[in-house]
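The values are calculated or read from the model by the stated rules, or taken from the named source; none is laboratory data. Predicted model, so just to flag it, every value in this text is computed and none were measured. So basically every Cβ, Gly included, is an ideal-geometry build from the backbone, and we count neighbours across all protein chains shown. For the accessible areas, the whole protein counts, side chains as well, though only heavy atoms, and no ligand, DNA or RNA atoms are used. Shrake-Rupley method; radii C 1.70, N 1.55, O 1.52, S 1.80 Å.
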Amino acid sequence: SGVMSLLRPLLLDVIPTIQQTAALALGRLANYNDDLAEAVVKGGILPQLMCSLPEQNRFYKKAAAFVLRAVGKHSPQLAQAIVQCGALEMLMICLEDFDPGVKEAASWALGYIARHNSELSQAVVDAGAVPLLVLCIQEPEIALKRIAASTLSDISKHSPELAQTVVDAGAIAHLAQMILNPDAKLKCQVLSALSQIAKHSVDLAELVVEAEIVPVVLTCLKDSDEYVKKNGATLIREIAKHTPELSQLIVNAGGVAAVIDCIGSCKGTVRLPGIMMLGYVAAHSENLSMAVIVSKGIPPLCACLIEEHEDHIKAAAAWALGQVGRHTPEHARAVAVAKVLPILLALYMDTRSSEDLQMKASIFAKKALKNILQKCTYLPALEPLMRDAPPNIMKYVVGQFSKVLPHDSKARRLFVTTGGLKKVQEIQAEPGSLLQEYINTINNCYPEEVVR
């Protein structure tokens, strides 16, 4: 109906209320979808919105920042259009305003611009936003703290350099102090910002740890709010993944036990960062993997394989179990005794799964099986697999029997009485293949008439 061209002149009306209401209307239109946001840009409305901003009152500044946020949120191209029309300078003026509502609106708009990619994030940094945002998280208003922390998170996430800029402005110390704030939404944003800083490099993770966040973050895993739990676990994961030393630090603080409790007490995607964290810790070394086993980490990971319907969660649990079991026979046995192997095999052979999952969960299940089987010498856990395993898994199972049986007379007897030896004779192996070699080794343990 041509409403854009009717609203545009109202932005310069002499009556302030009309200006504000026109800006609000434009913001709501632009917020609705990207076509309308594009119409705002193409209609030349942004320069008009900016032209009298510095001398306007707080209501107009809030409305103008809302329009910028509504346009910028849809796509990098629209956010770029905002940067090109010089809006960042105006948003800096709003960030320095003395009204917390104006600061909040400006922070929000900057976050929506910065979250798209590192170029836009860099533009926000170059405009001088970071020190002002760090001041905003120190303000008393909770709403302003939340949005400023969220914007710092959006700036930090793209690259180590951008995260370093946020660190250099002294953000970590102020964020760390707010982890225990009673407001759940603020905690979420603070944990997210610290995760986005810690994820990039060992150095940045160490700086986050030095702010003495470790024992404090573990309390977040018991929070009643699901998102606080999830973001707390994500932060621990981002620290633990870098080095064995950082993982050890988390283990020493009781982090593994806390994450295991957290996985046990929730469902769905909230579990995912915790599952990944256990996998990263276990991957670093035999001792750290043993810490996961001793803290009773295997049953909840196994439960995730059975209970969860989301493919990526099953895949993560399979991967984590593979990391726990891949070090030594002792580690593999701990996983095998928990009856994990048949579940992994079923997941690997599950043909009902969607194409993408077929790729994801089944690849991870196969890898985990391979990792664990190559170390597992606990034969009672291997026998059930001889019924159902396909040839590419069977060779690992039979391979383990061929390693143990020649040296263990009790196992040799059991292998006959449980029907294992009979099963081996039924396997169709390619002559000269590795599988055939394993079968020959097993058969050589017994007198010929027993084999026949």
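Mind checking the dipole of the range 290-409: about its Cα centre, +1 per Lys or Arg Cβ, -1 per Asp or Glu Cβ, Debye to the nearest 20?
400 debye
With +1 on each Lys and Arg Cβ and -1 on each Asp and Glu Cβ, how big is the dipole of the range 131-267 about its Cα centre, in debye rounded to the nearest 20?
480 debye
Below 14 Å, Cα to Cα, which aspartates and glutamates can LYS422 reach? Residues fewer than 8 away in the same chain don't count.
GLU383, GLU448, GLU449
Considering the dipole of the range 62-120 built from charges on the beta carbon (Lys and Arg +1, Asp and Glu -1) around the Cα centre, which of LEU78, ALA106, CYS94 is farthest to its positive end?
LEU78
When a/c is below 1.5 the answer is rounded, else prolate if a/b is larger than b/c, else oblate, so apply that to the range 152-256 with a ≥ b ≥ c taken from the square roots of the Cα gyration tensor eigenvalues.
Because a/c hits 1.5 or more and a/b fails to exceed b/c, the range 152-256 counts as oblate.
Quickly rank 411-421, 394-404 as a protection proxy: mean count of other C-beta atoms within 10 Å, highest first.
Highest mean packing first, the order is 394-404, 411-421.
With r as the distance between the Cβ atoms of GLU139 and GLU161 and R0 = 22 Å, compute the FRET efficiency 1/(1 + (r/R0)^6) and round to 0.05. Don't skip to the end; give the middle numbers.
Values: r = 27 Å, r/R0 = 1.23.
The value I calculate is 0.20.
Would you mind getting me the FRET efficiency between SER75 and LYS339? Use the beta-carbon distance for r and R0 = 35 Å, nearest 0.05.
Calculated transfer efficiency: 0.10.
Under a Cβ-only charge scheme (Lys and Arg +1, Asp and Glu -1), can you give me the dipole magnitude of the chain about the Cα centre, in debye to the nearest 20?
With Lys and Arg at +1 and Asp and Glu at -1, about 1540 debye.
Among (i) 4, 18, 21, 18, 15, 11, 7, 4, 2, 0, 0; (ii) 4, 22, 34, 29, 10, 1, 0; (iii) 4, 19, 30, 27, 15, 4, 0, only one was calculated for this model; which label is it, if the read-out is P(r) over Cα pairs in 10 Å bins from 0, in percent?
Computed from these coordinates, P(r) over Cα pairs in 10 Å bins from 0, in percent corresponds to label (i).
I'd like the orientation of helix 311-325 relative to the chain: the angle between its Cα long axis and the longest Cα principal axis, in ° from 0 to 90, rounded to 10.
50 degrees
Helix 16-32: angle to the longest alpha-carbon principal axis of the chain, degrees 0 to 90, nearest 10?
Once rounded, the angle reads 20 degrees.
Given 0.36 nm per residue, what is the gain on full extension from LEU249 to ARG387 after removing their alpha carbon distance, in nm?
In short, 45.4 nm is gained.
For a test of the definition: using alpha carbon positions, the gyration tensor, and the 1.5 limit on a/c, classify the range 221-356 as rounded, prolate or oblate. Write down the numbers at each step before the final one.
Numbers: a/c = 1.82, a/b = 1.15, b/c = 1.58.
It is oblate, given that a/c is not under 1.5 and a/b is not larger than b/c.
My understanding is that a pair violates if its Cα-Cα distance is over 22 Å; which of LYS103/LYS185; LYS199/LYS367; LYS222/LYS367; LYS157/LYS267; LYS296/LYS410; LYS241/LYS403 do that in this structure?
Too far apart for the 22 Å limit: LYS199/LYS367; LYS222/LYS367; LYS157/LYS267; LYS296/LYS410; LYS241/LYS403.
Among CYS188, ALA163, ILE239, whose Cα projects farthest towards the positive end of the dipole of the range 143-254, with charges put on the beta-carbon of Lys, Arg (+1) and Asp, Glu (-1)?
It is CYS188.
With a 1.4 Å probe and all protein chains left in place, how much of the accessible area of the range 1-51 comes from carbon and sulfur atoms, in whole percent?
62 percent
Can you find, among SER402, ALA303, LEU26, the residue sitting farthest towards the positive end of the charge dipole of the chain, where Lys and Arg contribute +1 and Asp and Glu -1 at Cβ?
Sorting the options by dipole projection puts first SER402.
Output the 0 to 90 degree angle, nearest 10, between the alpha-carbon long axis of helix 255-265 and the longest principal axis computed from the alpha carbons of the chain.
90 degrees
Aspartates and glutamates within cross-link reach of LYS314: Cα-Cα under 16 Å, excluding same-chain residues under 8 positions apart?
ASP350, GLU355, ASP356
I need the peptides 45-52, 188-195 ranked by packing, meaning the mean over residues of other C-beta atoms within 10 angstrom, with the highest value on top.
Per-residue mean Cβ counts within 10 Å order the peptides as 188-195, 45-52.
Accessible area per residue, 1.4 Å probe, Å², for the range 309-431: what's the number?
Counting only protein heavy atoms, the per-residue value for the range 309-431 is 50 Å².
How many Å² of accessible area per residue for the range 20-90, probe 1.4 Å?
43 Å²
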